[in-house]
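What follows is calculated from the coordinates using simple rules that are stated; it is not laboratory data. Everything quoted here is computed from the prediction, not taken from an experiment. Using ideal geometry, Cβ is built from the backbone for each residue, glycine included, and neighbour counts are taken over all protein chains shown.
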Amino acid sequence: MMETLIVEKRKAKLKNPILVTGLPGIGLVGQVVCKYLITKMGGKKLADVYSPHFPHQVLMTKKGAIRPIKNMIFTIKAGKRDIILLVGDVQAITSEGQYEVAGKLLDYAYSLGARDVVSIGGYSTGKLSDKRKVFGVVTHKHLVTDLKKVGVVFGEAKGAIVGAAGLLPALAKIKGMKGICIMGETHGSYVDAVSARNVINVLEKLLGFTVDLSDLEKQAKEGEKIIKKIEEEVQKQTIAPYQSEKKDVSYIR
């Protein structure tokens with residue numbers, strides 16, 4: 001295989017579809033969002049994506065089989081339009097691969113009728129925040145107004161967006177499509193279900209659908225408890241050496 005291959009599993013007639021992508025990235029925010037929507041909203045697999053630009057390895061299953069690393073495309077019905085959801089094991093590992101895979105995915109989505117692309121990623125701050133924001137960038141200025149209405153913050157996120165989360169919407173404009181990148185604020189070093197929930201809240205308002213978030217709420221609460229415990233332990237280990245220096249040294253045990 002010399003180039004990315006999209007193997008279609010079924011034919012689909014979609015109503016005003018929009019491509020929403022959630023590949024592995026910072027805080028796994030996009031991946032958690034899209035996988036949750038697929039599970040809770042009855043996602044149907046549309047295609048598998050294989051590429052020589054993915055790592056040269058296969059995954060072993062619990063039943064003793066093996067399968068190639070891949071991305072997967074699902075569809076769900078949401079409000080007045082259909083959503084094409086992209087999830088996967090990995091992203092392409094080279095710059096050339098990122099461009100080639102992104103191009104094939106956008107061409108495929110276009111052939112299905114999609115003219116809008118929303119990529120989802122995480123925006124790392126390196127710290128925990130109780131009120132995590134959802135940041136956005138767009139390819140067309142007129143999109144900003146609608147996104148601000150549903151709680152997306154513009155102008156505060158800075159720097160470069162690495163990988164598919166930035167490349168897919170950016171290249172979408174070249175292909176005559178509209179591109180949006182939504183980034184959930186996150187610490188960046190753990191799977192952030194809170195940030196994922198915040199992004200889904202934005203998508204619900206933007207695309208006009210509702211989904212039961214109770215399971216994600218539970219996951220978020222458990223994750224927060226674990227992170228707080230870790231932070232407490234780190235703080236104790238940081239303070240302990242200084243506390244011990246203040247005590248009188250005793251050799252009597």
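Between helix 95-111 and the chain there is an angle of about 50 degrees, using the helix long axis and the longest principal axis of the Cα atoms.
Put the Cα centre of segment 106-157 next to the Cα centre of segment 160-216 and the gap is 6 Å. Here the extension length gained between residue 65 and residue 173 equals 34.8 nm, from 0.36 nm per residue of separation less the Cα-Cα distance. When 192, 212, 116 are sorted by how many other C-beta atoms sit within 10 angstrom of their C-beta, beginning with the fewest, the order is 212, 116, 192. Fewest neighbouring Cβ atoms within 10 Å first, the residues 140, 56 line up as 56, 140. Across segment 5-213, the mean sequence separation of Cα contacts (distance under 8 Å, 6 or more residues apart), normalised by length, yields a relative contact order of 27 percent. Between residue 214 and residue 9, the FRET efficiency from the beta-carbon distance, with R0 = 30 Å, is close to 0.50. Taking every DSSP beta bridge that has both ends in the chain, the antiparallel portion is near 60%. Each Lys and Arg contributes +1 and each Asp and Glu -1, all at the Cβ; summed about the Cα centre of the chain, the dipole is approximately 780 debye. Using the Cα gyration tensor of segment 115-172, with a ≥ b ≥ c the square roots of its eigenvalues, what is the shape: rounded (a/c below 1.5), prolate (a/b larger than b/c) or oblate (neither)? It comes out oblate by the Cα gyration axes. A full extension of the chain between residue 94 and residue 115 corresponds to an added length of 4.9 nm, given 0.36 nm per residue minus the alpha carbon distance. Stokes-Einstein diffusion for the chain at 37 °C, viscosity 0.692 mPa s, with a Kirkwood radius from C-alpha pairs, works out to 167 µm²/s.
Peptide packing: for 2-14, 39-51, the average count of neighbouring Cβ atoms within 10 Å per residue gives the ranking 39-51, 2-14, highest mean first. Each Lys and Arg contributes +1 and each Asp and Glu -1, all at the Cβ; summed about the Cα centre of segment 1-61, the dipole is approximately 480 debye.
Stretching residue 58 away from residue 191 to a fully extended chain increases their span by 45.5 nm, per 0.36 nm per residue minus the current alpha-carbon distance.
Quick check for you: which residues of segment 64-95 have the amide N under 14 Å from the point 7 Å beyond the Cα of residue 107 toward its beta carbon? Counting backbone N atoms under 14 Å from the label point, the list is empty. Of the listed pairs 80/158; 127/148; 11/63, which have alpha-carbon separations greater than 26 Å here? 80/158; 11/63, as the Cα separations exceed 26 Å there. Ordered by the count of other Cβ atoms within 10 Å of each Cβ, fewest first, 83, 66, 161, 93 give 66, 93, 161, 83. Computed over segment 43-145, the P(r) tail beyond 16 angstrom holds 70 percent of alpha carbon pairs. Using the Stokes-Einstein relation with a Kirkwood hydrodynamic radius computed over Cα pairs, the translational diffusion coefficient of segment 88-151 at 4 °C and a viscosity of 1.567 mPa s comes to 87 µm²/s.
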